[in-house]
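*Asks:* Dropping a structure here in structure tokens format, bear with me for questions.
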Amino acid sequence: MLLKRFGLAALFSLSIVGCTTTPNTVAVATTQKLIQYERNKSDLAIKSYTLSSGDKLVYAENNSLAGEPLLLIHGFGGNKDNFTRIADELQNYHLIIPDLLGFGESSKPMDADYRADAQAMRLYELLQAKGLANHIHVGGNSMGGAISVAYAAKYPDEVKSLWLVDTAGFWSAGIHEALEGATLDDNPLLVNDKEDFYNLYDFVMYQPPYIPKSVKAVFAQERIANKALDAKILEQIVMDNLEKRAEVIAEYNIPTLVVWGDKDQVIKPETVNVIKEIIPQSQVIMMDDIGHVPMIEAVERTAKDYKHFREGLKK
């Protein structure tokens, strides 16, 4: 009963962090069970691949091998479980959902390049190894959206469509007023303690679902432990403007769905205007009363919009 009662709420929080590796406690054990329950419900198995660099990428994959492959890329501070709930709504597709290098259960080298191109190349290596690099659909949230753009720009002949959810990398739209004046020493996206995490949870979602503080505290631990690496990654990605590379998406006329929460406090909703100007063929959906992570805050609605987009590609 506990799993059924709290499973949905616990997984919502995974838009912000991945599963923790703190020492065993009742709260940690319960949280891990919740995560595994939701993975099982979405038919996701956890696998790993060793890159040519020697670094490890951990990823989730469903068993819909007959479906068209869909690569889903999480945002800053997140991991593969960002998409665990919505994966249940997307089971007709062959889902590959990685922990990016630096996040979740994947390797976390301090000296790596974490910009969009470098992350895209790692994902391409993974997909090549799996025989899925050709004719791939790609989607991502926030930083994951920027990496999706970089992936499509590097491999345009192999990307069938893009799904950009509150995507980063289109910085000419300007900084959201909620982040004006933020620095690496004082930034709501970086977590120094549990209170920072509790505030972050409310900051990224307009209607944050309830989860007990005991569960939030478990999720907070990884973000606290990874603060130094998170700061380094954040410094790299905020300087990485994808707008020039996005022109390739327009040139190749890659079908693109842009989804945004109109209450996003992390990246300005007006960014959709910049994207539409650069990628004229893009379809834009602005979601009312949703924050930075629509696939967490409005699972069914976000999945329905995406499936409608995909059906339109068949016409």
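The values are calculated or read from the model by the stated rules, or taken from the named source; none is laboratory data. Treat the numbers as computed from the prediction; the structure is a model and nothing was measured. Every residue, glycine among them, receives a Cβ derived from its backbone with ideal geometry; neighbour counts consider all protein chains shown. Surface accessibility is based on the protein's heavy atoms, side chains included, excluding ligands, DNA and RNA. Shrake-Rupley method; radii C 1.70, N 1.55, O 1.52, S 1.80 Å.
*Asks:* I'd like to check one number: the per residue accessible area of the stretch 100-158, probe 1.4 Å, reported in Å² as a whole number.
*Replies:* Roughly 31 Å² per residue, with all protein chains present.
*Asks:* Just the Cα atoms of the stretch 25-114: what Rg and Dmax do they give in Å?
*Replies:* Every Cα atom of the stretch 25-114 included, Rg and Dmax give 13.7, 40 Å.
*Asks:* Of [x] 58, 42, 40; [y] 56, 50, 39; [z] 52, 46, 41, which is the value of Cα extents along the principal axes in Å derived from the coordinates here?
*Replies:* [z]
*Asks:* Quick one: if you stick a label point 7 Å off each Cα along the C-beta vector at ASP289 and GLU247, how many nm between them?
*Replies:* A separation of 4.2 nm, rounded to one decimal place.
*Asks:* How big is the stretch 194-277 by the Kirkwood estimate over distinct Cα pairs, in Å? Could the numbers behind the result be given before it?
*Replies:* Numbers: mean 1/r = 0.0632 Å⁻¹.
Its Kirkwood hydrodynamic radius stands at 15.8 Å.
*Asks:* Of TYR49, LEU70, TYR37, which is farthest towards the positive pole of the chain's charge dipole, taken about the Cα centre with +1 and -1 on the beta-carbons of Lys, Arg and Asp, Glu respectively?
*Replies:* Working it through, the farthest residue towards the positive pole turns out to be TYR37.
*Asks:* Give LYS263/LYS307; LYS160/LYS314; LYS56/LYS194; LYS108/LYS130 a once-over and call out the pairs whose C-alpha atoms are over 18 Å from each other.
*Replies:* Exceeds cut-off: LYS263/LYS307; LYS56/LYS194; LYS108/LYS130.
*Asks:* Another question about this same structure. Take ASN199 and MET121, extend 7 Å from each Cα along the Cα→Cβ direction, and tell me the distance between the two endpoints in nm.
*Replies:* 3.8
*Asks:* How would you order 134-146, 276-288 from highest to lowest mean count of nearby Cβ atoms within 10 Å?
*Replies:* Details: 134-146: 25.5, 276-288: 16.0.
Top of the packing list down: 134-146, 276-288.
*Asks:* How far apart, in nm, are two points set 7 Å out from the Cα along the Cα-to-Cβ line at VAL26 and at GLU300?
*Replies:* About 3.4 nm, to one decimal.
*Asks:* Give me, ordered by chain and number, the residues 5 or more places off MET287 or on other chains with an amide H under 5 Å from its own placed amide H.
*Replies:* Those qualifying (amide H under 5 Å, at least 5 residues apart or on another chain) are TRP260, GLY261, ASP262.
*Asks:* Name all residues of the stretch 133-163 having a backbone nitrogen under 12 Å from the label point set 7 Å from the Cα of LYS314 along its Cα→Cβ direction, giving them as ranges.
*Replies:* none
*Asks:* Keeping every protein chain in place, order GLU68, GLU270 by accessible area at 1.4 Å, biggest value first, i.e. largest first.
*Replies:* Working: GLU68 70, GLU270 100 Å².
If we order GLU68, GLU270 from most to least accessible, we get GLU270, GLU68.
*Asks:* For the stretch 241-295, what are Rg and Dmax over the alpha carbons, in angstrom?
*Replies:* Cα-based Rg and Dmax for the stretch 241-295 come out at 11.6, 33 Å.
*Asks:* Helix-derived [θ] at 222 nm for the chain: sum -39500 (n - 2.57) over DSSP H runs of at least 4, divide by residue count, nearest 500?
*Replies:* -12000 deg cm²/dmol
*Asks:* Moving on. Enter the accessible area per residue of the stretch 258-315 (Å², integer; probe 1.4 Å; all protein chains in place). Don't jump to the answer; show the numbers that get you there.
*Replies:* Working: 2700 Å² over 58 residues.
Ligands and nucleic acids excluded, the result is 47 Å² per residue.
*Asks:* Taking all protein chains in place and a 1.4 Å probe, what share, in percent, of the accessible surface of the stretch 109-183 do carbon and sulfur account for?
*Replies:* Numbers: 1240 of 2640 Å².
Taking all protein chains in place, the stretch 109-183 shows 47 percent carbon and sulfur surface.
*Asks:* Let me ask you something else. Multiply the residue separation of ALA228 and LEU65 by 0.36 nm, subtract the distance between their alpha-carbon atoms, and state the gained length in nm to one decimal.
*Replies:* 54.8 nm
*Asks:* Which of the chymotrypsin sites (Phe, Trp or Tyr not before Pro) across the stretch 199-238 are loop residues per DSSP, with 12 or fewer other Cβ within 10 Å?
*Replies:* The qualifying sites are TYR210.
*Asks:* Now for a different question. Taking a 1.4 Å probe, which of THR167, THR50 shows the most accessible area, and what order do the others take after it? Working shown, then result.
*Replies:* Numbers: THR167 0, THR50 85 Å².
Order by accessible area, largest first: THR50, THR167.
*Asks:* Report the dimensions of the stretch 66-218 along its three principal axes from the alpha-carbon atoms, largest first, rounded to Å.
*Replies:* Principal-axis extents of the Cα atoms in the stretch 66-218, largest first: 44, 34, 30 Å.
*Asks:* With contacts defined as alpha carbon pairs under 8 Å and 6 or more residues apart, what's the relative contact order of the chain in percent?
*Replies:* It comes to 19 percent, rounded to a whole number.
*Asks:* Measuring from centroid to centroid over Cα atoms, what is the spacing of the stretch 183-224 and the stretch 59-107 in Å?
*Replies:* Each part's Cα centre sits 22 Å from the other's.
*Asks:* What part of the accessible area of the stretch 191-315, given as a whole %, is carbon or sulfur when the probe is 1.4 angstrom?
*Replies:* 49
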